[in-house]
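First up is the structure itself, then whatever we jot down about it.
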Amino acid sequence: MSISRQNLTVIIVTFKSDMVIQNCINSINKDIKILIIDNSNNQNFKNKIEKEYKNVSCILSEKNIGMGPANNLGIKNIKTDYALILNPDVILEPGAINEIIEASKKIDSFCIIAPLEKNKDYPNYKLDKKINIKSDQEKPFRVKSVDGYAMLLNLKRINLLNDFQYFDENFFMYLENDDLCKRLVENSEKIYVVPKSKINHLGGKAVDQTFEYEIELSRNWHWIWSKFYFNKKHFGFFWALLNSLPSFFSSILKLFFYFIVFNKRKKNIYLKRIQGFWNALLGKPSSYRPNVF
């Protein structure tokens, strides 16, 4: 069965995303089902969004469980064969979903298919040098991985893989998409980008800017934790250590520098990087959560 509007659900994970979510929803065809997983227990948000949009339903996760676990929760609660994972700060260009539907009819098989980020300076994919395929401005092309803020999953095909987990829930944020793509490619599955399907990712705007500093602390903690965990999982402990040590030592130097010049904001950012690395090194979970209420 091919992709259709009736057989597709858009899953959007939100957290304090009230200021941007409407632009995202309004860019999606109104005849496509949307499921929002809000990482909170904000009943007012759920009531408001479901009342305003007839094609939108919302599940409250009760607490901030992160991107991967929330996406998994969304996948478990839909009945369609395809799921378009979107960040709330993504806006679809007109015809974006139509282009994906049309392109999918010409591809023999795929597990993930993604639109193209409009800003060419920030491509949302990585090419696989082993298969020697270059990007194309007209035809769908195969890639090694795509960014998690816009990726359409072929759930029916993925479900055929034995004991395959969608998103690794050990990741709170960052690299859960790279991990998913890598595991699919290792199972000889294909990932495509459709260049005619365009999106605009605002980048770092998914959370209300009122909480910018707390979110920045969280990003720094989780980026280095996820980087270590990803490399350890796929390439071993010593490679993860070797790959992360430059960032760790750089963070120590910057921590001392900003301590000396009394820049508390920057000092705390690099402190969080050090703490994230240390927790990953000791095999502790990605436990840090932004202090946002």
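Odds and ends about this structure:
- You can think of it this way: the chain between ASN119 and MET19 has 33.8 nm of extra reach, that is 0.36 nm per residue less the Cα-Cα gap.
- Crossing angle, helix 237-260 versus the chain [Cα axis fit, 0-90 degrees, rounded to tens]: 60
- Distances between placed amide hydrogens fall under 5 Å for SER197 paired with LEU116, all partners being 5 or more residues away or on another chain.
- From phi via Karplus (6.51, -1.76, 1.60), per-residue ³J(HN,Hα) for region 71-88 in Hz, x at Gly/Pro: 5, 4, 4, x, 4, 5, 10, 10, 10, 8, 7, 10, 10, 9, 7, 10, 7, x
- Charge dipole of the chain about the Cα centre (unit charges at C-beta), most positive-ward option of ILE34, ASN170, LEU202: ASN170
- Computed lengthening from ARG289 to PHE256, 0.36 nm per intervening residue step minus Cα-Cα distance: 9.5 nm
- This model, with +1 at the C-beta of Lys and Arg and -1 at the C-beta of Asp and Glu, gives region 1-155 a dipole about its Cα centre of some 280 debye.
- With the simple model of a label 7 Å out from the Cα in the direction of the Cβ, GLN137 to PHE249 spans 4.4 nm.
- Listed residues GLN275, SER17, GLY95: farthest to the positive end of the dipole of the chain (Cβ charges): GLN275
- Put in order of Cβ neighbour count within 10 Å, fewest first, the listed residues ASP168, ASP163 become ASP163, ASP168.
- Listed pairs LYS46/LYS198; LYS33/LYS79; LYS76/LYS190 exceeding 21 Å between Cα atoms: LYS46/LYS198; LYS76/LYS190
- Near TYR288, once Lys and Arg are set to +1 and Asp and Glu to -1 for all other residues with Cβ below 13 Å from its Cβ, the sum equals +3.
- Peptides 279-288, 225-234, 75-84 ranked from most to least packed by the mean count of surrounding Cβ atoms within 10 Å: 225-234, 75-84, 279-288.
- Total charge dipole magnitude, the chain, about the Cα centre, Cβ charges on Lys, Arg, Asp, Glu only, Debye to nearest 20: 500
- P(r) tail, region 1-59: Cα-Cα pairs separated by more than 15 Å, 45% of all pairs.
- Taking other residues whose beta carbon is less than 13 angstrom from the beta carbon of ILE49, and scoring Lys, Arg as +1 and Asp, Glu as -1, yields 0.
We did not get these values from a lab; they are worked out from the coordinates using the rules stated. Small disclaimer: the values here were computed from a predicted structure and weren't measured. Here the Cβ is made from the backbone with ideal geometry for all residues, glycine too, and neighbour counts use every protein chain on show.
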